[in-house]
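Take a look at the structure set out below.
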């Protein structure tokens with residue numbers, strides 16, 4: 001028996017050791033396939049990723065992502081050359097919308113990652129150590145949850161100076177409380193499980209218990225929240241851009257484009273309509289995926 | 001006994017939350033770089049003038065002293081003075097808040113009116129087309145950038161079809177109803193002026209609809225799950241077995257029990273909409289707290305920002321308290337602990 005396991009190499013050994021995990025994944029994947037909406041979500045996200053990271057090589061007018069001016073074709077409706085029309089400098093709105101996909105996806109990832117990491121670390125500490133540490137962290141979280149997030153992000157961005165980087169920083173700072181509370185609650189319940197007790201009994205160190213026993217078991221809840229949250233991060237960033245404290249010209253960004261295009265309503269409707277549609281598609285994709293993931297991971301919602 | 005003790009404890013708990021909120025906001029607004037004084041004084045101001053302005057607002061003192069001075073004012077209902085236009089923040093808030101409150105209440109009502117029937121349809125016709133439609137509608141409405149949707153609706157309903165006004169809060173050609181609460185819908189009703197009530201309703205329709213979408217999505221998904229859960233309980237089976245009509249079972253037995261969690265969420269929804277008012281008010285030029293916050297933030301005017309954060313935090317905690325207390329009224333089984 002041992003021989004055959006070794007004969008299959010490290011991959012075979014890994015599979016033999018983690019048979020339970022693999023079966024769990026198989027079941028999850030099967031359930032995932034069953035929900036048609038999740039497949040739609042994944043399809044949308046894959047499409048967006050391809051657009052975001054190859055877009056710059058096939059957009060019709062790559063120069064239009066910066067400062068260029070074509071006065072003769074400014075503010076035109078959709079035509080064959082400019083499928084989404086042109087903006088007030090005659091730049092191709094299609095090019096800029098595609099270009100902005102990358103900006104938004106990267107920014108959303110950074111916000112969710114940074115905010116999520118802060119929240120996971122704080123929540124993990126609070127849940128595992130309990131007592132005074134828990135009180136201090138959770139009261140701070142409560143206060144942050146009471147705080148109107150976008151007001152604060154707005155103030156921070158305005159003070160740091162309007163730019164997309166500062167908007168990302170401000171949102172990351174105000175993003176963590178939700179994760180903190182989620183992880184704390186999860187850790188509190190997982191901490192009491194038998195396998196954690198067993199690990200403690202055989203003398204596993206605290207970091208080992210936290211990182212290889214408790215946190216992996218919180219992962220599904222975190223993933224569901226992150227997926228739902230990602231769309232919201234994209235929306236918040238665009239909201240700051242729309243108000244005027246996010247991305248600054250000439251950086252193509254959906255919120256800023258919509259805000260600019262609003263000045264030319266109702267005659268040049270295409271200018272701000274298409275970036276909005278692109279944003280809707282993005283957020284919709286992630287929300288649909290999150291909804292599907294929740295159906296898989298949350299037994300209460302699985303009906 | 002239980003309720004009174006519970007109320008007092010909850011009211012006392014508001015105090016540390018507000019102190020914490022004020023400290024966090026104060027620290028953040030004073031640690032960020034950017035020189036509000038220089039901005040307020042204008043580019044031509046001399047060093048002496050700037051110094052004088054700093055002294056007037058007490059900005060030359062150490063931070064803890066500034067904080068204590070500020071809090072001393074807050075206790076007396078003085079939220080400081082805006083550096084840009086020298087208006088007392090408390091008075092400005094009193095002027096802007098009714099507009100926001102009106103908008104948030106209207107959108108919460110709309111959210112319930114649209115969300116509850118959608119949730120019921122989805123639960124009753126589970127996994128059939130009403131369920132799928134309500135799921136897609138709910139997912140779409142939280143995926144929609146609110147400011148973009150507002151703009152598209154303005155474009156279609158206001159600019160093209162001329163059915164509704166584009167933006168603002170009231171017809172500039174008509175005098176406001178006499179100011180009692182500051183909420184135009186309430187004021188015009190108090191003055192028994194249906195014409196003005198109609199105008200105010202027309203102006204609030206679009207912003208309230210856009211604002212309500214998040215609530216619609218939330219209520220639809222949450223209530224659907226709860227209805228499905230309650231439907232499997234024994235007392236529902238019992239009611240059906242006794243031959244009660246399905247309508248009675250649904251409304252009297254299922255909905256009443258399923259709505260509890262939704263009511264609990266209304267507090268969260270209310271707070272969310274207060275925050276979301278920033279976007280809606282910017283798009284619809286609605287003169288409320290959100291627009292006030294945007295203007296203040298752009299001018300780096302931190303006294304209003306502090307005041308708004310504290311005030312919105314207070315409103316949020318109060319609403320949550322009210323919601324928690326109202327549980328007992330809806331569901332007598334709940335004991336306050």
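The values are calculated or read from the model by the stated rules, or taken from the named source; none is laboratory data. This is a predicted model, so every value here is computed, not measured. Here Cβ is always computed from backbone atoms with ideal geometry, including for glycine, and neighbour counts include all displayed protein chains.
If you go through the range B:7-51 and keep only what is closer than 27 Å to residue A:140 by Cβ, touching a helix residue (DSSP H, G or I) at 6+ places or on another chain (Cβ under 8 Å) and more than 14 Å from chain A (Cβ to nearest Cβ), you end up with B:7, B:11.
The number of residues in the range B:63-81 that are in contact (Cβ under 8 Å) with a residue 12 or more places away in the chain, more than 21 Å from residue B:275 (Cα to Cα) and in a loop (DSSP other than H, G, I, E, B) comes to 3. Checking each residue in the range A:39-69 for being assigned to a helix (DSSP H, G or I) and touching a strand residue (DSSP E or B) at 6+ places or on another chain (Cβ under 9 Å) picks out only A:64. Residue count for the range B:227-238 satisfying the condition of being closer than 11 Å to residue B:119 by Cβ and either out of contact with any helix residue (DSSP H, G or I) (no Cβ under 6 Å at 6 or more places or on another chain) or surrounded by fewer than 20 Cβ atoms within 10 Å (Cβ to Cβ) (or both): 1. Taking every residue in the range A:97-108 that is on the phi > 0 side of the Ramachandran plot and pairing it with any residue that is assigned to a helix (DSSP H, G or I) and at pLDDT 90 or above, at least 6 positions away or on another chain, yields no pair with a Cβ-Cβ distance below 6 Å. Taken as a whole, the range A:42-50 holds at least one residue that is closer than 19 Å to residue A:93 by Cβ and either surrounded by 15 or more Cβ atoms within 10 Å (Cβ to Cβ) or modelled with pLDDT under 80 (or both). For the range B:121-150, the set of residues classified as closer than 20 Å to residue A:291 by Cβ, assigned to a helix (DSSP H, G or I) and over 23 Å from the mean Cα position of the chain (by Cα) consists of B:121, B:122, B:123, B:129, B:130, B:131, B:132, B:133, B:134, B:135, B:136, listed by residue number. Give the range B:98-140 a look and list any residue that's crowded, with 21+ Cβ neighbours inside 10 Å and within 13 Å of chain A (Cβ to nearest Cβ), or say none. Selection gives B:100, B:104, B:122, B:123, B:134, B:138, B:139.
Give the residues of the range A:150-174 that are closer than 30 Å to residue A:210 by Cα, without any contact (Cβ under 8 Å) to a residue 60 or more places away in the chain and in contact with a helix residue (DSSP H, G or I) (Cβ under 6 Å, 6 or more places away or on another chain), sorted by residue number.
Within the range A:150-174, the first condition is being closer than 30 Å to residue A:210 by Cα, and the residues that meet it are A:168-174.
If we keep only those that are without any contact (Cβ under 8 Å) to a residue 60 or more places away in the chain too, we end up with A:169, A:173-174.
Hit for the range A:150-174 is A:174, nothing else.
Look at the range A:183-206: where a residue is under 20 Å from residue A:223 (Cα atoms), no partner that is surrounded by fewer than 15 Cβ atoms within 10 Å (Cβ to Cβ) sits 6+ places away or on another chain with Cβ atoms under 6 Å.
I'd like the residue in the range B:151-167 that is free of Cβ contacts under 8 Å to residues at least 12 places away in the same chain and assigned to a helix (DSSP H, G or I) and, out of all such residues, is farthest from the other protein chains (Cβ to nearest Cβ). Don't jump to the end; show me each part of the working.
First, pick out the residues of the range B:151-167 that are free of Cβ contacts under 8 Å to residues at least 12 places away in the same chain: B:152, B:155-156, B:159-163.
Applying the additional criterion that residues be assigned to a helix (DSSP H, G or I) yields B:152, B:155-156, B:159-160.
Details: B:152: 7, B:155: 5, B:156: 9, B:159: 4, B:160: 6 Å.
Here the residue is B:156.
Exactly one residue out of A:85, A:77, A:116 is surrounded by 13 or more Cβ atoms within 10 Å (Cβ to Cβ), more than 18 Å from residue A:258 (Cβ to Cβ) and touching a helix residue (DSSP H, G or I) at 6+ places or on another chain (Cβ under 9 Å), and it is A:116. Candidates in the range A:7-32 are the residues that are loosely packed, with under 12 Cβ neighbours inside 10 Å and farther than 30 Å from residue A:294 by Cβ; of these, the one that is modelled with the lowest pLDDT is A:7.
Among the residues of the range A:135-169, those that are assigned to a loop (DSSP other than H, G, I, E, B) and either facing another protein chain (nearest Cβ under 9 Å) or over 16 Å from residue A:108 (Cα atoms) (or both) comprise A:147, A:148, A:161, A:162. Within the range B:129-147, does at least one residue satisfy the condition of being in contact (Cβ under 8 Å) with a residue 12 or more places away in the chain and farther than 30 Å from residue B:229 by Cα? Yes, some residue in the range B:129-147 is in contact (Cβ under 8 Å) with a residue 12 or more places away in the chain and farther than 30 Å from residue B:229 by Cα.
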